[in-house]
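Structure first, commentary second.
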Amino acid sequence: MAEFEMILTETQGCAGIIRLNRPKALNALCDQLMDELAQALRAFDSDPAIAAIVLTGNEKAFAAGADIREMQPRSWPGTYLNDFIAPWEAVLTVRKPVIGAVAGFALGGGCEVAMMCDILLAADTAKFGQPEIKLGILPGAGGSQRLTRAIGKSKAMEMILTGRMMDAAEAERTGLVSRVVPADTLVEEAVSLAQRIGEHSRAGVAMAKEAVNAAFELPLREGVRLERRLFLSAFGTPDQQEGMAAFNEKRKPNFGG
Ligand code: CAA
């Protein structure tokens with residue numbers, strides 16, 4: 001893994017861990033940080049020893065949004081000609097599961113990057129919000145779309161038009177996160193989730209991730225068709241043979257890839 005200044009990386013078993021690490025700026029997402037994040041995600045995605053990736057911040061902030069100091073001098077048409085958000089989509093091109101583990105603030109672009117993750121765990125200290133309206137702008141990395149799909153139109157509209165924050169309990173109640181855990185166990189829980197995913201067929205997991213994510217992109221009929229194609233092609237993997245043989249022989253499966 002390359003040397004980074006604004007993120008920290010480590011591995012625990014088959015979990016690759018990326019920590020956003022600009023604590024003085026509450027992990028504000030500047031161009032350099034997002035470039036480093038994309039590099040680290042690509043490196044873990046292509047590392048056969050890694051089954052799933054945990055993306056987290058520190059106890060104060062997952063990330064308090066795009067870097068407002070860096071954005072202030074930006075103007076149109078420069079922003080149009082050089083879309084500084086486009087590289088953020090690197091998070092969406094990862095084929096392995098990405099587990100977002102949020103403690104503290106996940107605001108603006110921070111909330112949007114969190115919502116690009118496949119599974120979101122929240123510490124009881126987490127606070128989510130899209131406060132861009134207070135800066136005279138609006139969400140620009142998918143917040144208006146992903147938050148609305150996650151929590152529904154009325155609540156998303158309220159949050160985006162007022163900039164109010166949502167606490168961890170509300171985030172769980174509304175389906176934005178899958179679980180709330182005590183802050184001091186957040187990363188441990190996320191790593192253990194990554195390791196549980198890592199016990200399963202790599203190909204099966206990648207296909208399942210692709211199928212679930214398609215639900216956000218495709219009409220129902222097309223989504224079901226894609227799922228069926230993936231499901232039927234899973235019968236071409238050695239892991240299908242192994243998983244079903246192990247069930248019938250009443251033993252633990254030994255998935256090879
Ligand atoms: N960009 C740059 N710096 C930021 C930042 C951001 N998004 N958020 C916080 N910081 C910096 C602060 O400027 C401050 O730096 P200094 O110590 O050098 O002054 C440091 O982080 C600590 O912040 P605060 O002193 O403000 O901490 P606080 O605990 O009083 O408040 C907060 C915390 C409520 C999160 C507040 O920092 C805040 O409102 N931050 C901005 C949140 C925001 O508006 N995010 C959306 C950005 S726009 C966007 O993301 C666009 C998009 O959709 C892609």
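The values are calculated or read from the model by the stated rules, or taken from the named source; none is laboratory data. Quantities reported herein were computed from a predicted structural model and do not represent experimental measurements. So basically every Cβ, Gly included, is an ideal-geometry build from the backbone, and we count neighbours across all protein chains shown. For accessibility, only protein heavy atoms count, side chains too; no ligands or nucleic acids. Shrake-Rupley method; radii C 1.70, N 1.55, O 1.52, S 1.80 Å.
Within the stretch 220-235, none of the residues are within 19 Å of the chain's Cα centre (by Cα) and open to solvent by 40 Å² or more (accessible area, probe 1.4 Å). With respect to (1) open to solvent by 10 Å² or more (accessible area, probe 1.4 Å); (2) in a strand (DSSP E or B), the lone exception for A43 is condition (2). Of all residue pairs spaced 6 or more apart or on separate chains, those with beta-carbon atoms under 7 Å, a first member in the stretch 231-254 that is farther than 11 Å from S201 by Cβ and of a type in the set (D, E, K, R) and a second member that is open to solvent by less than 100 Å² (accessible area, probe 1.4 Å) and assigned to a helix (DSSP H, G or I) are K252/A246. Could you please let me know if E70 is more than 12 Å from the ligand (Cβ to nearest atom) and modelled with pLDDT of 95 or more? The answer is no for E70.
Taken together, the residues in the stretch 146-175 that are more than 14 Å from the ligand (Cβ to nearest atom), assigned to a loop (DSSP other than H, G, I, E, B) and at negative phi amount to 1.
When you look at Q12, is it more than 17 Å from A141 (Cβ to Cβ) and not acidic (D, E), yes or no? The answer is yes for Q12. Can you list residue pairs whose Cβ atoms sit under 8 Å apart, with the first residue in the stretch 117-145 being within 7 Å of the ligand (Cβ to nearest atom) and the second being of a type in the set (F, W, Y)? Count only pairs 6 or more apart in sequence or on different chains. The qualifying pairs are A141/W88. Taken over the stretch 17-39, residues that are surrounded by fewer than 22 Cβ atoms within 10 Å (Cβ to Cβ), of a type outside the set (D, E, K, R) and touching a strand residue (DSSP E or B) at 6+ places or on another chain (Cβ under 6 Å) amount to 2. Within the stretch 122-145, being part of a loop (DSSP other than H, G, I, E, B) and open to solvent by less than 20 Å² (accessible area, probe 1.4 Å) holds for A126, Q130, P139, A141. For the stretch 212-230, filtering for residues that are touching a residue at least 40 places away in the same chain (Cβ under 8 Å) and of a type outside the set (F, W, Y) leaves 2. Across the stretch 176-195, the number of residues qualifying as open to solvent by 50 Å² or more (accessible area, probe 1.4 Å), assigned to a loop (DSSP other than H, G, I, E, B) and either farther than 23 Å from F44 by Cβ or in contact with a Lys or Arg (Cβ under 6 Å, 6 or more places away or on another chain) (or both) comes to 1. Of the residues making up the stretch 60-114, those that are of a type in the set (G, A, S), surrounded by fewer than 24 Cβ atoms within 10 Å (Cβ to Cβ) and assigned to a helix (DSSP H, G or I) are G78, A86, A90.
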